[in-house]
Amino acid sequence: MADKVLLRHLDIPNFHQLDVYVANGGYNAARKALTTMKPEEVIDQVKASNLRGRGGAGFGTGMKWGFLPKDSAKPVYLCCNADESEPGTFKDRAIIEWNTHILLEGLLISSYAIKSHTCYIYIRGEFVFGAQRLEEEIAAAYAKGYLGKNIFGTGFDLDIYVHRGAGAYICGEETGLIESLEGKRAYPRIKPPFPATYGLFGCPTIVNNVETLACVPSIIENGPAWFKAIGPESGPGPKIYCVSGHVEKPGLYELPMGVTLRSLLYDHAGGIRGGKQLKAVMPGGSSFPILTADEIDVAMDFDSMRKINAFLGSAGIIVMDEDTCMVKALTIIDRFYHHESCGQCSPCREGTGWLHKLLMRLEEGNGRAEDIDMMDRISTNMMGNTVCVLADAAAMPTQSYLQKFKAEFVEHVTLGRCPFQKEGAPTHRHTAHAA
């Protein structure tokens with residue numbers, strides 16, 4: 001894939017501006033869809049492309065659109081999930097801020113396909129600059145007739161609204177996002193019913209991720225065969241990989257879906273920082289199982305990752321070198337999920353707290369041998385027993401770290417301190433945590 005699609009702004013200055021975007025072929029795909037295709041034909045093109053959701057689950061986008069009821073008497077809504085709350089993930093933010101109109105064009109085409117006339121972009125509150133840029137460029141699109149009434153003279157109307165959230169991780173879950181949009185506490189809903197039949201304001205609703213929607217214009221412009229030729233046929237297309245942590249060149253890399261993790265780390269991200277040895281990698285964000293240094297010869301696509309009991313997720317790749325304490329790393333992860341649990345389900349509300357407390361006890365030098373098995377049992381009881389998968393997001397990495405780096409957990413108990421602690425540093429032993 002020679003030319004960038006999602007990160008074209010890296011090669012074209014001011015690509016976020018409407019005039020620059022249009023001068024470089026922007027909105028040609030939208031014009032093609034609205035003036036020469038029926039909504040059902042757009043859906044068929046997206047289905048044929050095998051575009052899969054880039055937000056984490058990897059569900060077929062065209063298939064998801066197809067779940068909407070035919071000729072609904074109620075209004076249909078499209079919600080863009082721009083919450084991007086998965087640790088290690090920063091791709092959607094880049095699209096929003098610097099390739100703004102590829103998202104807006106994707107929303108226009110997708111709204112036309114599902115016969116929606118109202119679209120909401122749900123963006124996390126911390127993305128102040130991104131929200132401002134969206135507002136500015138949406139206004140520019142209205143002024144030039146790319147949004148609003150009778151777009152391209154076709155009689156199709158579309159209004160797009162930016163809704164800023166309060167920065168809760170749980171709002172990345174589609175029903176939690178919908179609840180928040182409705183002005184309520186972001187408690188995920190029990191499913192079924194699914195949003196496609198009962199979503200925002202009780203109406204049929206589609207929720208798609210920013211990167212997913214940004215892929216739609218290129219599919220319509222170039223055809224599904226072009227898209228399917230980029231990466232594995234079962235889940236193809238250009239993909240933005242987020243690489244952070246202990247590498248020489250952290251950043252965003254747009255590559256064909258299915259590039260190997262080893263190639264990402266060493267050919268593109270410059271290898272491990274300071275010439276150190278690789279120890280572990282979070283391949284899809286913090287909410288999925290960890291990979292060890294001998295597991296990186298894997299293609300970074302949905303199906304290849306599943307074959308090794310891992311997940312592509314949002315492709316938030318966090319790299320850890322040989323000096324990383326895996327107990328401390330897991331402590332930070334489970335502290336995050338304890339803080340972000342919405343509290344609706346007791347296995348998640350209590351389980352994330354127990355995991356964090358036990359890990360703190362280990363890291364501070366007060367751990368007991370039975371704590372390690374207890375964390376595994378708690379994680380098992382959390383998995384699959386809650387309304388949404390936040391409990392699983394804490395339990396899966398916990399079990400993975402315990403399985404692959406158990407010796408470090410045992411060493412914390414036997415030494416009574418963190419083995420990576422610098423010599424002469426205090427042990428942080430606090431008797432208040434020993435009970």
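No value in this document is a laboratory result; all are computed from the given coordinates. Nothing here was measured: the structure is a model prediction, and the numbers come from that model. Cβ coordinates were reconstructed from backbone atoms using ideal geometry, including for glycine residues, and neighbour counts include every protein chain displayed.
Points to keep in mind about this one:
- Prolate/oblate/rounded call for the chain, Cα gyration tensor, a/c under 1.5 rounded: prolate
- C-alpha long axis of helix 369-382 to longest principal axis of the chain, angle in °: 20 degrees
- Rounded to the nearest Hz, the phi-derived 3J(HN,Hα) couplings of the stretch 256-266 under the Karplus curve 6.51 cos²θ - 1.76 cosθ + 1.60 (θ = phi - 60°) are x, 3, x, 4, 6, 4, 4, 4, 4, 6, 9, where x marks glycine and proline.
- Relative contact order of the chain, pairs being alpha-carbon contacts under 8 Å that are 6 or more residues apart, as %: 15 percent
- Alpha-carbon centroid distance for the pair the stretch 235-265 / the stretch 213-232, whole angstrom: 19 Å
- Look at the alpha carbon pairs under 8 Å that are at least 6 residues apart: their mean separation over the length of the stretch 326-433 gives a relative contact order of 33 percent.
- Computed about the Cα centre, the dipole magnitude for the chain is approximately 500 debye when only Lys and Arg (+1) and Asp and Glu (-1) carry charge, each at its Cβ.
- Residues in the stretch 214-247 that a label on Asp44 would reach, taking backbone N under 11 Å of a point 7 Å out along Cα→Cβ: none
- Cross-link reach list, aspartates and glutamates versus Lys4, counting only Cα pairs under 15 Å and skipping chain neighbours closer than eight places: Glu211, Glu221, Glu254
- Taking the average, over residues, of other Cβ atoms within 10 Å as the packing measure, peptides 105-116, 354-365 rank 105-116, 354-365 from highest down.
- With 5 Å bins from 0: P(r) over the stretch 34-168, alpha-carbon pairs, percent: 2, 9, 18, 22, 21, 16, 9, 2, 0
- Prolate/oblate/rounded call for the stretch 182-337, Cα gyration tensor, a/c under 1.5 rounded: oblate
- Largest mean-square fluctuation among Phe409, Phe288, Phe420, in a Gaussian network model of the chain whose springs join Cα atoms under 10 Å apart, belongs to Phe420.
- GNM top mover of Leu291, Leu104, Leu415 - the chain, alpha-carbon springs below 10 Å: Leu415
- Take every pair of alpha-carbon atoms less than 8 Å apart whose residues are at least six positions apart; their mean separation over the length of the stretch 233-327 yields a relative contact order of 33 percent.
- Cut-off 16 Å (backbone N to label point 7 Å along Cα→Cβ of Glu322), residues of the stretch 290-315: 293-294
- Between helix 406-415 and the chain: long-axis angle, C-alpha atoms, 0 to 90°, nearest 10: 40 degrees
- Across the stretch 101-108, rounded Karplus estimates of 3J(HN,Hα) from the backbone phi angles (6.51 cos²θ - 1.76 cosθ + 1.60, θ = phi - 60°) give 6, 5, 5, 5, 5, x, 5, 5 Hz, Gly and Pro being marked x.
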